[in-house]
1. With Cα extents along the principal axes in Å defined as stated, name the option among [x] 62, 46, 28; [y] 51, 32, 24; [z] 99, 32, 22 computed from the structure displayed.
2. Label 7 Å along Cα→Cβ of residue 178; the range 53-70 residues with amide nitrogen under 20 Å?
3. If we count every other residue with Cβ under 12 angstrom of residue 137's Cβ, Lys/Arg +1 and Asp/Glu -1, where does the sum land?
4. Under a Cβ-only charge scheme (Lys and Arg +1, Asp and Glu -1), can you give me the dipole magnitude of the chain about the Cα centre, in debye to the nearest 20?
5. Ranked from highest to lowest mean number of other Cβ atoms within 10 Å per residue, what is the order of the peptides 179-189, 111-121?
6. Can you give the relative contact order of the chain as a percent, counting alpha carbon pairs under 8 Å and 6+ residues apart?
7. What does the net charge come to around residue 81 if you take all other residues with beta carbon closer than 11 Å to its beta carbon, with K and R at +1 and D and E at -1?
8. Taking the Cα centre of the chain as the origin and placing charges on Cβ (Lys, Arg +1; Asp, Glu -1), which of 45, 114, 130 is farthest toward the positive end of the dipole?
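The values are calculated or read from the model by the stated rules, or taken from the named source; none is laboratory data. This one's a predicted model, so the numbers in the text were calculated from it and none came from an experiment. All Cβ positions, glycine included, derive from the backbone under ideal geometry; neighbour counts span all protein chains shown. The area values use the complete protein model at the heavy-atom level, side chains included, leaving out ligands, DNA and RNA. Shrake-Rupley method; radii C 1.70, N 1.55, O 1.52, S 1.80 Å.
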Amino acid sequence: MKRMACILPGFSLSLSLFQIVFFEDKNFQGHSYECNSDCPDLHSYFSRCNSIRVESGCWVLYERPNYGGYQYVLTPGEYPDHQQWMGFNDNIRSCRSIKNVYGNSCKIRFYDRPDLAGQMEEWSEDCSSVHEAFKFCEFHSAVVMDGAWVFYELPNYRGQQYFLEHGEYRNFTDWGATSPVVGSLRRITEF
């Protein structure tokens with residue numbers, strides 16, 4: 001197993017709060033690469049990613065370098081093929097660990113207009129169907145007050161994923177979406 005250059009100097013992988021292993025082939029076969037820190041460009045370490053083992057911490061994986069493209073949020077566990085993390089293909093080009101998620105408290109506000117305007121809803125639980133739970137299902141802006149969240153484009157935690165951490169998102173494009181439609185949302189509680 002090769003170690004990636006994005007490992008933080010002075011940190012041992014065995015002591016890291018964050019560790020992820022990428023495999024080029026399905027079922028944890030082929031060349032593998034370990035990482036324990038944010039890495040904006042994974043292309044030089046592998047050409048494809050077909051399975052992943054998250055040893056510790058929670059991670060956001062991106063289809064393109066510099067944290068762009070489709071996002072995939074992974075919690076500790078094994079993902080024997082890219083369909084297990086709802087991947088559209090075997091392209092993983094950047095990753096970052098989810099930090100600063102403390103305790104079990106999660107709270108988010110979302111608005112039906114850009115710039116934190118219009119109707120506002122406040123939420124603190126997972127929601128498998130935004131359409132059934134809220135007056136509106138287009139989130140044009142949001143404020144994550146506590147914790148970290150994943151928005152899904154479809155109900156029942158399916159479709160494209162968008163990671164939101166503490167802070168303001170004045171437009172849906174700020175969290176990487178191309179549309180304001182949100183089908184479901186989930187708190188990130190495993191850390």
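1. [y]
2. Within reach of a label on residue 178, which here means backbone N under 20 Å from a point 7 Å along Cα→Cβ, the range 53-70 contributes 61-70.
3. Taking every Cβ under 12 Å from that of residue 137, the sum is -4.
4. For this selection, approximately 320 debye.
5. 179-189, 111-121
6. 17
7. Charge balance in the 11 Å sphere: -2.
8. It is 45.
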